[in-house]
Amino acid sequence: MKRVLPWAGTVAIVGYLVISTDMDTVLESFSDVSIPGVLLVALAGTLATFLTDTWCVSLAFSKFVCPVTWREAAPIKATSYFLNILNYNVALVGMAFYLQRSRSAPFWKSLGSLFFINLMDILALCLVLAFGLLLNWGDDGLDATTRTIAWALVAGGV
């Protein structure tokens, strides 16, 4: 049951996404892009993000809760990626619960360290948004109101 339940949950989540997504719109949005290019960027970005996220989870747990190796953190983070599809906070609670069950780590301490990582994620997103805004400084692709709101989000997040 321990081995089947995560896979069943994953299939249920992916199935829900397929059923609830307008596939015609998805296919239409890909009509003007290079599919191999998109897949390459998506694969590289996902791999880099996963490796970095896993390292950060192992570092935060080891610093604030109990020693956790990168290898131990990898399945925790991989599972959380599917839970993130539904709700980011559900993924955080799931990771804290897993650590409590597998390592007898204090649940609230684990959850607190994960919320710290959540704040770092928000900071990283704000910095990426700022970088994108700076790269498009002279471009008229955004109206003044949208640009102002985006900079306000960056400032607020930082």
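The values are calculated or read from the model by the stated rules, or taken from the named source; none is laboratory data. Quick caveat, the model's predicted, so the values are computed rather than measured. Here the Cβ is made from the backbone with ideal geometry for all residues, glycine too, and neighbour counts use every protein chain on show.
Can you confirm whether PHE115 is aromatic (Phe, Trp, Tyr), touching a Leu at 6+ places or on another chain (Cβ under 9 Å) and under 27 Å from TRP151 (Cα atoms)? I'd like the intermediate steps shown before the answer.
Numbers: aromatic (Phe, Trp, Tyr): yes; touching a Leu at 6+ places or on another chain (Cβ under 9 Å): yes; under 27 Å from TRP151 (Cα atoms): yes.
Taking the combined requirement at face value, the residue satisfies it.
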- Give segment 1-28 a look and list any residue that's part of a helix (DSSP H, G or I) and surrounded by 10 or more Cβ atoms within 10 Å (Cβ to Cβ), or say none. PRO6, ALA8, GLY9, THR10, VAL11, ALA12, ILE13, VAL14, GLY15, TYR16, LEU17, GLU28
- In the list VAL57, VAL93, which residue meets the criterion of being part of a helix (DSSP H, G or I), out of contact with any Gly (no Cβ under 8 Å at 6 or more places or on another chain), within 19 Å of GLY112 (Cα to Cα) and touching a residue at least 60 places away in the same chain (Cβ under 8 Å)? VAL57
- Select from segment 29-55 the residues that are under 30 Å from ARG71 (Cβ atoms) and either loosely packed, with under 10 Cβ neighbours inside 10 Å or in contact with an Asp or Glu (Cβ under 9 Å, 6 or more places away or on another chain) (or both) and list them in ascending order. ASP53
- Message: What pairs come out if I take residues in segment 136-158 that are surrounded by 10 or more Cβ atoms within 10 Å (Cβ to Cβ) and pair them with residues that are part of a loop (DSSP other than H, G, I, E, B) and of a type in the set (Gly, Ala, Ser) whose C-beta lies under 9 Å away, six or more apart or interchain?
- Response: none
- Query: (1) part of a helix (DSSP H, G or I); (2) at pLDDT below 85: which one isn't true of SER31, the others all being true?
  - Reply: (1)
